[in-house]
Structures are given as structure tokens and as C-alpha cells.
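See below for the structure under consideration.
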Amino acid sequence: MESVHIGVHPLWHLYGWTFHSDTLISAWIVTAVLIAFAVFVRTILKIRPGLLQSIVEIGVEGLNGTLVERMGDKGRKYFPFVATLFLFIITSNWLGVLPLELKPPTADLNTTAGLAVLTIIMVQVFGMIDKGPIRYFKRFFEPNPVFFPLNVIEELAKPLSLSVRLFGNIFGKETVIMILSGLVALPLFYPIPILALSLLIGAIQAYIFMLLTVFYISMALEGH
Amino acid sequence: MNIQMVSVLGAALVLAIVAFASALAQGFATGKAVEGISRQPEARGPIMTALIIGVSFIESLTLYALLIAIILIFVNPFK
């Protein structure tokens, strides 16, 4: 068990800022993979879709359906933001399954907190663009001005729960795999069931993050 | 019993108790959802969405406990 380091990141110090280098490098790899995949799929688009194009179209149609079901036809506007979140998170989560010395970026609280804060800020922006700032901020004084502090706390608790949920799941999975790999007998065998489970967990967590984002956006848009 | 031992014990206890309670709650929720689907199989989609959102809210409480346990063990403020 001598090689178990939990929550320790190699650091870079640049211009007075501190970076977690492993998180940063794997986030860049995820971004590069996603861009390469998008460019590749763009080149093979045809009128009669092949296998890969059919899979991508099923995903796009499914997400569009969810958005339209919750918000009506104007929900299509939010497709790029929500789909980007989903693709980034699911690719990050699945990066931990590959037998490389790469940690998923989502196993670092900094990444998930960044995503969650971005999501909540974008929810406010979408609400303001859709309803106008004054009509939007009336939401915080409903049903009664007395509820203003409660509404603000509710809004501030959203990024906390979003980020901690994603981080806790992926970090817990990574820790279990690390501890099982440190066992003396058959260190290559024991992590296999957890690795299989981690594919499921990664997909479900990305789906939940996306679904809650859609949910928050639709909550910001509805009302008077 | 020094502060280190108490922290480790506290971390283990907080996770055990919260995981027990949240497993119970998720079991109730999933059971009810399966019951609803078996009564009305055509309502599967909305039930699944509500189930996943509800279960993820229950689960986030466990993860707050995990965060407390991590803080107690790795960045103990009482050291």
C-alpha cells in the first residue's frame, strides 16, 4: 500500500498562479479529443447516414427532445451549451478507464466547481436575456419579499451541490480503484468490476449534470 | 485518544451513518418508481427522469458527508 497518494496533485507555478498540472493536461486532452471527433464527424456527414452518423443523430435528437419537452420551442437555443457540458463531462469521466497515467479532470474539485459556477452564471444570463433583467429579478422576491434571503441561498446552493456531486462520485471511484490496485494479491484483477461500474457511473453523472442544467434553465425561464 | 484518532473515527462514522440513511431513501424511491412503471408502463420516461433527479438529490447529501470525511482526514482543521 506504499504507492497510494490520494488527493495529491503535481503543481505548476506560473506568474503567481498555481495549477494542478495533471488536471490541466487531461482537460486539454479531453478538449482535443472532442474537437477531433467533431471535425471527423463533420467530414462524414451524408444524406444516407452511416453507423457513426446515426449514433450522433440519436444523441442530438434525444437532447433536443428533452429541451423541447421542458421549455417548448425556445429550448433549442440552449442546445449548444448543454450538449458541450454533457460531452466534456462524459469524456472526462471515461478518461479514467483507459490504462494511461491520466486522471479524469472531474476528479479534481477545481474543475467541477468551475463547471458548476459557469452553469449557474449562464442560467442567470439566459433568464435575463429571455425575460429582461427587471422581470427576471422579480423571481427572487416571490411569493413574498420576505423570501428574498431564502431564494438567494437556494440559488447559491445549486453550484455547491452540482460540483460536489460530480466530484464526489468520480473521486470516490478513483480512490477505490487506487486502493484495490494497491492490494498485494492479484492487483490487476480486483479493479475490473469497479472499472466496469465506472463506465456506468460516468455516463449517469454526465446525464444528471446535463438534466439538472436543463431543469435550472427551465426554472429560470418560467414564471410571470 | 488524540485528535487524529477522533478525526478518523468521526470520518468513518459520518460516512457509515449517512450512507445507511441515503441507501434506505434511494431504495424507497426506486421501489416506488418501479411500482409506478409496472402499473403504467407507458409513463416510463417521465418517471425515470423524476427518479434520476430525486435520487441524485438524495445522493448529494451522502457526498456532502464524503466531503466532510475527506476534510477531516486530509486537511484536518484541528491539527
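The values are calculated or read from the model by the stated rules, or taken from the named source; none is laboratory data. Worth saying up front: this structure is predicted, and the values here are computed from it rather than measured. Heads up, the Cβs are rebuilt from the backbone with ideal geometry, glycines too, and the neighbour counts pull from every protein chain shown.
Below are the figures for this structure:
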item: Whichever residue in the stretch A:126-161 is among the aliphatic types (A, V, I, L, M) and out of contact with any helix residue (DSSP H, G or I) (no Cβ under 8 Å at 6 or more places or on another chain) and, among such residues, is nearest to the other protein chains (Cβ to nearest Cβ); result: A:157
item: The stretch A:30-50, subset modelled with pLDDT under 85 and hydrophobic (A, V, I, L, M, F, W, C), residue surrounded by the fewest Cβ atoms within 10 Å (Cβ to Cβ); result: A:47
item: Of residues in the stretch A:127-161 being part of a helix (DSSP H, G or I) and small (Gly, Ala, Ser), the one nearest to residue A:218 (Cα to Cα); result: A:127
item: Close pairs (7 angstrom Cβ cut-off, 6 or more residues apart or separate chains): within 14 Å of chain B (Cβ to nearest Cβ) in the stretch A:187-212, of a type in the set (Gly, Ala, Ser) anywhere; result: A:208/B:56
item: Residue pairs meeting the criteria (Cβ under 8 Å; at least 6 apart or on separate chains; first over 10 Å from residue B:58 (Cβ atoms), in the stretch B:17-37; second of a type in the set (Lys, Arg)); result: B:37/B:44
item: Where residue A:2 falls short, out of the listed (1) exposed (fewer than 13 other Cβ atoms within 10 Å of the Cβ); (2) within 30 Å of residue A:183 (Cα to Cα); (3) modelled with pLDDT of 85 or more; result: (3)
item: Identity of the residue in the stretch B:27-79, outside any helix (DSSP H, G or I) and of a type in the set (A, V, I, L, M, F, W, C), that ends up nearest to the chain's Cα centre (by Cα); result: B:75
item: Test for residue A:147: is it farther than 30 Å from residue A:58 by Cα and surrounded by 13 or more Cβ atoms within 10 Å (Cβ to Cβ); result: yes
item: The listed residue being of a type outside the set (Phe, Trp, Tyr), surrounded by 16 or more Cβ atoms within 10 Å (Cβ to Cβ) and within 14 Å of chain B (Cβ to nearest Cβ), out of A:123, A:164; result: A:164
item: Residue in the stretch A:67-87 that is surrounded by the fewest Cβ atoms within 10 Å (Cβ to Cβ), counting only those that are small (Gly, Ala, Ser) and more than 28 Å from residue A:105 (Cα to Cα); result: A:72
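Table: residues versus (1) surrounded by fewer than 16 Cβ atoms within 10 Å (Cβ to Cβ); (2) among the basic types (Lys, Arg); (3) touching a helix residue (DSSP H, G or I) at 6+ places or on another chain (Cβ under 9 Å); (4) not in a helix (DSSP H, G or I).
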residue: A:172; (1), (2), (3), (4): no, no, yes, no
residue: A:176; (1), (2), (3), (4): yes, no, yes, no
residue: A:188; (1), (2), (3), (4): yes, no, yes, yes
residue: A:198; (1), (2), (3), (4): no, no, yes, no
residue: A:216; (1), (2), (3), (4): no, no, yes, no
residue: A:220; (1), (2), (3), (4): no, no, yes, no
